[in-house]
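Contents: one structure, followed by commentary.
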Amino acid sequence: MTASDYVPPKVWTWNKASGGRFANINRPIAGSTHEKDLPVGRHPLQLYSLGTPNGVKVTVMLEELLALGHSGAEYDAWLVRISEGDQFSSGFVGVNPNSKIPALMDRSGPEPIRVFESGAILVYLAEKFGAFLPTEPAKRAEALSWLFWQMGSAPFLGGGFGHFYAYAPTKIEYAIDRYAMEVKRQMDVLDRRLAENEFIAGPDYTIADMAIWPWYGNLAKGLAYEAGEFLSVHEYTNVIRWTDQIAARPAVKRGRMVNRVQGDPASQLRERHEASDFETKTQDKIEAAAG
């Protein structure tokens, strides 16, 4: 059956695998599939994540806070392998009933506080430490508006364009064209904004930059879905300028390494428990020691 031959039934039923790269973890019901407690380290903040764009948002924020001297932002970052279904453990579902990374437990107070959804985690940490989110009403509104722009826009980039262009079992012209058009529109939104502002929300670096950069910076450098040429990302020169500026920050360099499981082994710090781990426990060093 081709895409044009499909006629939706009156009632959809889950009677076959969805196909595509993530078919083994897709299901139409929530909740846990197995009993397993989450590990807990010694730091106030416990992060359960993976080095995807949504995960990178939070590790960048934590490393930026530590760089500012906020010792209370010390954290343990535990690896959640979503391709293996770790996000469906009873422990993880207890932190995030939506079974998506990242998820955070703040154990610094008398009772643990759970925070899920990457945007919510960024706001929570910004307010907890008084950093990277302006307090003046107009500036705060601008930063939050761009943060939520990212939360609403990225699904069109990832679940829309990325899925149908790179992961779907069949290539559907209509779907790829629709989402390519939307992603290029989004890049134009950012490019116009950054033509007039150093950072997304204005002259200051905020959680809006931390949220948008892992998704759209990756795209601007031609690294997302191997679609750089297809989307002509070289046209968005202001986004590229901003992308390079963010990428040069030392805390960003560290944050993008945490919970990473792909690429150069020297860039992968699969779990992070101490600041010294960046020097001693990257995957290249672990493999060298094991060999």
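The values are calculated or read from the model by the stated rules, or taken from the named source; none is laboratory data. Predicted model only: the values in this text are computed from it and were never measured. A quick note on method: Cβ atoms are made from the backbone with ideal geometry, for glycine too, and the neighbour counts reach across all protein chains shown. Keep in mind that these areas ignore ligands, DNA and RNA; they rest on the heavy atoms of the full protein, side chains included. Shrake-Rupley method; radii C 1.70, N 1.55, O 1.52, S 1.80 Å.
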Using a Gaussian network model of the chain with C-alpha springs under 10 Å, which one of Val11, Val183, Val60 is most mobile by mean-square fluctuation? Val11
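Compute the accessible area per residue over region 86-198, keeping the other protein chains in place, probe 1.4 Å, unit Å². Spell out each step's value before the answer.
Values: 5540 Å² over 113 residues.
That works out to 49 Å² for each residue.
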Listed residue (Gly158, Ala131, Met257) projecting farthest to the positive dipole end of the chain, Cβ model: Gly158
Assigning unit charges at the beta carbon (Lys, Arg +1; Asp, Glu -1) and nothing else, what dipole magnitude in debye, to the nearest 20, does the chain show about its Cα centre? 520 debye
Solvent-free Debye scattering, log10 I(q)/I(0), computed from the Cα coordinates of region 192-249 at q = 0.16 Å⁻¹: -0.45
Which of Lys253/Lys281; Lys253/Lys285; Lys36/Lys57; Lys57/Lys221 exceed 21 Å between C-alpha atoms? The answer is Lys36/Lys57
A 1.4 Å probe over the protein heavy atoms gives region 193-289 a carbon and sulfur accessible-area percentage of 50 percent
Longest segment of the chain with no GluC sites (Glu not before Pro) in a DSSP loop having at most 10 other Cβ atoms within 10 Å? 36-225
In region 40-85 the accessible area split gives carbon plus sulfur, as whole percent at 1.4 Å, a share of 51 percent
The convex hull of the Cα atoms of the chain, divided by residue count, gives a volume in Å³ per residue of 166 Å³
Once both label points are put 7 Å beyond Cα along the C-beta direction, the Val40-Lys184 separation in nm becomes 5.2 nm
Give me the number: length gained by fully extending Ala166 to Glu196, i.e. 0.36 nm times residue separation minus the C-alpha to C-alpha distance, one decimal in nm. 7.5 nm
Alpha-carbon Debye profile of region 20-164, log10 I(q)/I(0) at 0.16, 0.17 Å⁻¹: -0.93, -1.03
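If contacts are Cα pairs under 8 angstrom and at least 6 residues apart, what is the relative contact order of the chain in percent?
Working: 421 pairs, mean separation 59.4, N = 291.
It rounds to 20 percent for the chain.
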